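**Student:** Structure below; questions to follow.
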Amino acid sequence: MKKVFERPKSLTDVPFSYCPGCTHGIAHRLVAEVIDELGIQERTIGIAPVGCSVLCYDFFDVDMQEAAHGRAPAVATGIKRVHPDSIVFSYQGDGDLASIGTAEIVHAANRGEKITVIFINNAIYGMTGGQMAPTTLPGQKTTTSPYGRDTEACGYPIRISEMLSTLDGPAYIARASLHDPQNIVKAKSAIRKAFQAQVDGLGFSLVELLSTCPTNWGMTPVESLKWLEDNMIPRYPLGEYKVIEGVK
Amino acid sequence: MAKGRPVFNEDRCKGCQLCTTVCPVDIVHMSERINSRGYYTAEVTDPDKCITCMKCARICPDVVIEILREATKEEK
């Protein structure tokens, strides 16, 4: 018998530090599989964020650089400009990218930096203990919105993919979800297009992945996937938001 | 469907149960065993029934599962 599914080579052997059922692990595997399939492991440089995935430099078997909170797109810009032949990606959560790092992501996208951003949106701050994020849904309970997010005081969730797709810089922007095997396959296809766009030198690419946080949502992993499907997808519709000519 | 079987690297399992919810032939279940990290692990109860759809491997957040598949006639 031959192996038709195994651990991708672009992941190290280090066990993930994430909570049981956390979809970070699925996203890591998809990124590593795409790096393997495109044959770019030796020239890929990843930027680790601040958040639960801060330790992802231990998990990806490529060159990695840690960035200050939210600044991954700025660090990626520098690395890509100094090493234009490398493939540079940042891996960021919603607390990192959609809150403290909003300025960096908007301007990196607007400049059309030839980098790829993997954006994990689980509607909450994970590592710091489940506080409200800019992506938290209206009415969603978190430790800093114990009665549910009040849109009068805290505004509405930011749709990063839609917002960035209005700019001229990006080549490819898509939102996918990790809540079932079919959508995981679609998510991988989007990640592959995003990396391919960079390999082809087309411009900025971003894939937003709807993810879970069972621990801070206060649900089991199985309940979390259902909650994502029922509550997040209506608020964050899946699909490709920007595909310029030449993306394949 | 092609014949094959999943292989679980039980020491990496965190017992999240996601794999048990997606199997179309219902052969992935939680075991009574506790691994070295203190989690109850998932297991395959009837590997002969596996259709190698890879759904369990795709949804596993910890890359616990490998899928083996018998070579098809063309490959032999």
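**Student:** Among the candidates A:Ser161, A:Ser189, single out the residue that is within 14 Å of chain B (Cβ to nearest Cβ) and part of a helix (DSSP H, G or I). Write out each step before concluding.
**Tutor:** Values: A:Ser161 fails: within 14 Å of chain B (Cβ to nearest Cβ).
That would be A:Ser189, the only listed residue that is within 14 Å of chain B (Cβ to nearest Cβ) and part of a helix (DSSP H, G or I).
Residue-wise test of (1) within 10 Å of chain A (Cβ to nearest Cβ); (2) in contact with a Phe, Trp or Tyr (Cβ under 6 Å, 6 or more places away or on another chain).
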| residue | (1), (2) |
| --- | --- |
| B:Arg5 | yes, no |
| B:Asn9 | yes, no |
| B:Lys14 | yes, yes |
| B:Glu32 | no, no |
| B:Ala42 | no, no |
| B:Asp62 | yes, yes |
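**Student:** If a residue must be in a helix (DSSP H, G or I) and more than 7 Å from chain A (Cβ to nearest Cβ), how many such residues does segment B:44-60 contain? Steps first, please.
**Tutor:** Filtering segment B:44-60 for residues in a helix (DSSP H, G or I) gives B:47-49, B:55-59.
From the residues that got through so far, the ones that are more than 7 Å from chain A (Cβ to nearest Cβ) too are B:47-49, B:56.
Total meeting the criteria: 4.
**Student:** While we're on this one: Which condition breaks for B:Asp26 when tested against (1) out of contact with any helix residue (DSSP H, G or I) (no Cβ under 8 Å at 6 or more places or on another chain); (2) closer than 22 Å to A:Ser224 by Cα; (3) without any contact (Cβ under 8 Å) to a residue 24 or more places away in the chain; (4) within 10 Å of chain A (Cβ to nearest Cβ)?
**Tutor:** Only one criterion in (1) out of contact with any helix residue (DSSP H, G or I) (no Cβ under 8 Å at 6 or more places or on another chain); (2) closer than 22 Å to A:Ser224 by Cα; (3) without any contact (Cβ under 8 Å) to a residue 24 or more places away in the chain; (4) within 10 Å of chain A (Cβ to nearest Cβ) is unmet by B:Asp26, namely (4).
**Student:** Residue check: is B:Ile34 over 16 Å from the mean Cα position of the chain (by Cα) and among the hydrophobic types (A, V, I, L, M, F, W, C)?
**Tutor:** Values: over 16 Å from the mean Cα position of the chain (by Cα): yes; among the hydrophobic types (A, V, I, L, M, F, W, C): yes.
Against the criterion (over 16 Å from the mean Cα position of the chain (by Cα) and among the hydrophobic types (A, V, I, L, M, F, W, C)), B:Ile34 qualifies.
**Student:** Continuing with this model, one more query. Quickly run through segment A:202-248 and pick out the residues that are away from chain B (no Cβ under 14 Å), of a type in the set (D, E, K, R) and touching a residue at least 24 places away in the same chain (Cβ under 8 Å).
**Tutor:** A:Glu208, A:Arg235, A:Glu240, A:Lys242, A:Lys248
**Student:** Continuing with the same structure: Give me a count of the residues in segment B:29-43 that are part of a loop (DSSP other than H, G, I, E, B) and either in contact with a strand residue (DSSP E or B) (Cβ under 9 Å, 6 or more places away or on another chain) or touching a residue at least 24 places away in the same chain (Cβ under 8 Å) (or both). Walk me through it before giving the result.
**Tutor:** Step one: list which residues in segment B:29-43 are part of a loop (DSSP other than H, G, I, E, B), which gives B:35-39.
Still in the running and either in contact with a strand residue (DSSP E or B) (Cβ under 9 Å, 6 or more places away or on another chain) or touching a residue at least 24 places away in the same chain (Cβ under 8 Å) (or both): B:35-37, B:39.
Count: 4.
**Student:** Moving on to the next point. Could you say whether any residue in segment A:72-88 is more than 29 Å from A:Met163 (Cβ to Cβ), away from chain B (no Cβ under 14 Å) and assigned to a helix (DSSP H, G or I)?
**Tutor:** no
Read-outs: derived from the displayed coordinates by stated rules, not from any lab. Source: prediction; values computed, not measured. Glycine also receives a Cβ, built like all others from the backbone with ideal geometry; neighbour counts cover every protein chain displayed.
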